[in-house]
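Report on the structure given below.
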Amino acid sequence: MTASHVPESATAGRGGLGTVRNAVRLLELLGEGPAYQQLTDLAERSGLSVPTVHRLLRSLVLADLVVQDPRSSRYGLGPELTRLANHYLSRLPLLGALSPYLSQLRDQLEHTIHVEILVHGEVIYVDRVDGTGPGPYRDAHRVTPALSCAGGRLLAARAEDDDVWQRSLDRAEDHDRQTATDEARARWAAADHLALAPEDPTMPPEVAVPVVDGQGVTVAVLAANIDDPDDDHVVKAVAGKLGRAARAAGRTLGHA
């Protein structure tokens, strides 16, 4: 996805806040594009000057948040982000509340079980227990546009902030954006489960149910890979088991 060009005066801000905002913007751009990107391309896409981008990237490289390829001089995301992400996940109450149920669900359903959250219009798969069969898919940890999978559609539609829905639309592929009508959003928001076979053939079909905390906020979805999302009997049976676990985890979150 190509970022719109924003004048540097509109993003720079004053003092440390503007610097942090611009550094975060560069990290976002590095996450959206190829693994390694040219400094001039980053400057054009961010709306910042080349000297400003170069200065920020040097600081990010020193912090291991960004790496520079010595052969091409291009920049990519750094390993420190992985360490910080794992520290964040290790402290996430959601995962503690759901973890007792994931292996049980895998054993009952014999399919891979996922925990998904929504961040800036994308679904992050933050936990997973692999199914018993190898299956046709390589089901690695991944980030995917929210509207491309059942869990992401539930999360985006149930978000109380319209900006969350809009950001999900902005990151969606054309075919998913066309599907995400106002009527569809209302239907997804009211659903207690959703099944979908993604357009991407490398992604497995899934059934997803919402995980709702003690304040009534949908904080995640619990999902299971399935073979046929059009088999209503299977979908309802899987959704029933997922739903019971999600409600139990939600009660735990309510007492946290």
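The values are calculated or read from the model by the stated rules, or taken from the named source; none is laboratory data. Note that the structure is a prediction, hence the values are computed from the model and not measured. Reconstructed Cβ throughout: ideal geometry from the backbone, glycine too, with neighbour counts over all protein chains shown. To get the accessible areas, we keep the full protein, side chains included, count just its heavy atoms, and leave off ligands, DNA and RNA. Shrake-Rupley method; radii C 1.70, N 1.55, O 1.52, S 1.80 Å.
Odds and ends about this structure:
- Simple Cβ-charge dipole of segment 34-179, Lys/Arg +1 and Asp/Glu -1, about Cα centre, in debye nearest 20: 480 debye
- Projected label distance in nm at Arg142 and Glu28, using a 7 Å step from Cα toward the beta-carbon: 2.4 nm
- For Asp163, solvent-accessible area (1.4 Å; no DNA, RNA or ligand), Å²: 110 Å²
- At least 20 Å along the helix axis (C-alpha) and Kyte average at least 0.0, DSSP helices within the chain: 15-32, 93-109
- Distant-in-sequence amide H partners of Arg74 (H built 1.01 Å from N, under 5 Å): Asp69
- Gain on full extension, evaluated as 0.36 nm per residue between Val119 and Val217 minus their Cα-Cα distance, stands at 33.8 nm.
- Spin-label model distance (nm) - Asp182 vs Asp230, 7 Å beyond Cα toward Cβ: 3.1 nm
- Among Tyr125, Leu81, Pro93 - extreme Cα towards positive end, dipole of segment 61-156, charges at beta-carbon: Leu81
- When you restrict to C-alpha pairs under 8 Å that are six or more residues apart and normalise by the size of the chain, the relative contact order lands at 14 percent.
- The heavy atoms of Val217 offer some 60 square angstrom of accessible surface to a 1.4 angstrom probe.
- Rolling a 1.4 angstrom probe over segment 50-159 with all protein chains present gives an accessible area of which 53% lies on carbon and sulfur atoms.
- Accessible area (Å², per residue) of the chain, counting only protein heavy atoms and a probe of 1.4 Å: 54 Å²
- Contour excess over end-to-end distance, with Cα ends at Tyr36 and Val50 and 0.36 nm allotted per residue: 3.4 nm
- Estimated FRET transfer efficiency when R0 is 22 angstrom, pair Ser59-Leu81 (beta carbons, to 0.05): 0.90
- For segment 117-233, the Cβ-based charge dipole about the Cα centre amounts to some 280 debye (Lys, Arg positive; Asp, Glu negative; other atoms uncharged).
- DSSP-assigned coil residues among chymotrypsin sites (Phe, Trp or Tyr not before Pro) in segment 23-125, each with at most 16 further Cβ atoms within 10 Å: Tyr36
- Extension gain, Glu199 to Glu160: 0.36 nm times the residue separation minus the Cα-Cα distance gives 11.4 nm.
- Selection from Leu62, Val217, Leu30 lying farthest towards where the dipole of the chain points positive, charges on Cβ: Leu62
- The calculated 222 nm mean residue ellipticity attributable to helices in the chain amounts to -15500 deg cm²/dmol, summing -39500 (n - 2.57) over DSSP H runs of n ≥ 4 and dividing by all residues.
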